[in-house]
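Enquirer: Take this structure, written in structure tokens, and hold onto it; I'll ask about it next.
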Amino acid sequence: MTPLLYIIFNRPDHTERSFERIRSLAPPVLYIAADAARLDRDGEREKTEQARAVTEAIDWPCDVHRLYATENMGCGRRISSAITEVLSNHETVITLEDDCIPEPTFFAYCETLLDRYRDDTRIMGVSGNNYQQGISRTDASYYFSKYPHCWGWATWRRAWKHFDLSISRWPEIRETNQLKHFCESERELDYWIKMYDYVQEKQVDSWAFPWTLACWLQNGLTVLPDANLVSNIGFDGGGTHTNQKMPYAELPTFPMNEIVHEDELYRHTEADRYTDELLYSGPWQQSQKKRWYRRFKRAA
């Protein structure tokens with residue numbers, strides 16, 4: 001059984017909602033990772049303590065590991081180091097943050113596909129996220145994307161070994177224009193170059209962007225469901241990076257009671273173009289870019 005890594009911080013209300021779903025599924029192996037409060041945030045220590053207290057209500061047989069920081073590590077280092085620690089003890093991990101509410105079939109979906117693609121190095125992860133706004137992309141239950149969405153996802157030790165939080169190769173990658181191989185337009189390329197500049201300059205505190213780069217450098221793909229399996233409730237102003245209403249906030253979820261497998265392994269370019277337009281370099285996102293950058297900088 002793949003262990004569940006549950007990430008919490010300073011939102012006890014969100015923690016209560018997501019932990020209730022975890023309780024209903026009763027995972028037998030549970031890692032709970034929590035960052036420490038930031039010293040310059042009034043009242044944050046109390047909120048972190050309240051969030052941790054929620055997870056004390058484990059009333060099922062469970063092997064529990066608590067990875068609690070004593071000093072604030074920041075979002076990027078706290079989450080990535082927790083994933084690394086779990087994968088030092090296990091071959092696979094399912095990761096869920098406190099603002100992510102999974103559809104109950106999400107866990108079986110992850111387990112099935114972790115097993116199916118365990119030894120296929122073309123696949124870097126399995127995500128429960130779908131941002132196609134109701135558009136079905138396949139007759140199967142899932143498709144393959146260049147985007148490793150991480151609001152409820154899973155991976156293997158053999159994939160995570162390529163992760164580099166500091167993106168130490170970025171100067172070389174930028175100089176040789178390697179990102180052009182992964183982007184389909186100058187607009188998209190410009191977005192990612194600017195974002196990785198911010199990451200390396202430590203103006204953006206994120207593990208997700210370095211993970212995306214790691215996947216791309218391996219020419220890796222991520223399994224995405226054809227219908228959404230995880231809803232993010234963190235767009236109410238309390239999240240570190242999700243504090244404004246977005247078009248993909250609190251999306252409905254749909255059960256995947258039967259998994260129909262893909263016969264061929266290929267990237268769904270049309271779906272990825274749609275995702276880029278919605279989430280990354282599209283006109284709406286461009287209009288919000290300065291707000292995003294300012295917010296990421298404040299979180300660093």
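Enquirer: Going by the structure shown, is Thr138 assigned to a loop (DSSP other than H, G, I, E, B) and β-branched (Val, Ile, Thr)? If you could, list the steps in order and put the result at the bottom.
Expert: Values: assigned to a loop (DSSP other than H, G, I, E, B): yes; β-branched (Val, Ile, Thr): yes.
The answer is yes for Thr138.
Enquirer: Another question, then. Suppose the filter is within 25 Å of Phe144 (Cα to Cα) and modelled with pLDDT under 95; does Pro225 pass it?
Expert: no
Enquirer: Right, next: If you take the residues in segment 20-35 that are assigned to a loop (DSSP other than H, G, I, E, B) and within 20 Å of the chain's Cα centre (by Cα), which one is nearest to Thr105 (Cα to Cα)?
Expert: Step by step, filter segment 20-35, then rank; the result is Pro27.
Enquirer: I would also like to ask the following. Report yes if some residue within segment 24-36 is surrounded by 16 or more Cβ atoms within 10 Å (Cβ to Cβ), more than 16 Å from Glu97 (Cβ to Cβ) and either in contact (Cβ under 8 Å) with a residue 24 or more places away in the chain or out of contact with any Phe, Trp or Tyr (no Cβ under 6 Å at 6 or more places or on another chain) (or both); otherwise report no. Before the answer, list the steps.
Expert: Taking segment 24-36 first, the residues surrounded by 16 or more Cβ atoms within 10 Å (Cβ to Cβ) are 27, 29-36.
In the following step, the residues that additionally are more than 16 Å from Glu97 (Cβ to Cβ) were identified as 29, 36.
So of that shortlist, the ones also either in contact (Cβ under 8 Å) with a residue 24 or more places away in the chain or out of contact with any Phe, Trp or Tyr (no Cβ under 6 Å at 6 or more places or on another chain) (or both) come out as 29, 36.
Scanning segment 24-36 turns up at least one residue that is surrounded by 16 or more Cβ atoms within 10 Å (Cβ to Cβ), more than 16 Å from Glu97 (Cβ to Cβ) and either in contact (Cβ under 8 Å) with a residue 24 or more places away in the chain or out of contact with any Phe, Trp or Tyr (no Cβ under 6 Å at 6 or more places or on another chain) (or both).
Enquirer: Turning to a different aspect of this structure: So which of Val64, Val93 is under 18 Å from the mean Cα position of the chain (by Cα) and farther than 18 Å from Met256 by Cβ?
Expert: Val93
Enquirer: Which strands (runs of 3 or more DSSP E) does segment 88-129 wholly contain that include 1 or more residues that are within 14 Å of Ser18 (Cα to Cα)?
Expert: Qualifying strands (runs of 3 or more DSSP E): 92-97, 100-102.
Enquirer: Taking segment 173-186 on its own, how many of its residues are touching a residue at least 24 places away in the same chain (Cβ under 8 Å) and surrounded by 16 or more Cβ atoms within 10 Å (Cβ to Cβ)?
Expert: Of the residues in segment 173-186, 3 are touching a residue at least 24 places away in the same chain (Cβ under 8 Å) and surrounded by 16 or more Cβ atoms within 10 Å (Cβ to Cβ).
Enquirer: Just to check your reading of the model, which residue among Val126, Val199, Val204 is crowded, with 17+ Cβ neighbours inside 10 Å, among the hydrophobic types (A, V, I, L, M, F, W, C), under 27 Å from Gly74 (Cβ atoms) and modelled with pLDDT under 95?
Expert: Matching residue, one of Val126, Val199, Val204: Val204.
The values are calculated or read from the model by the stated rules, or taken from the named source; none is laboratory data. Fair warning: this is a prediction, and the values are worked out from it, not measured in the lab. For neighbour counting, all protein chains shown are included, and Cβ atoms are generated from backbone atoms with ideal geometry for every residue, glycine included.
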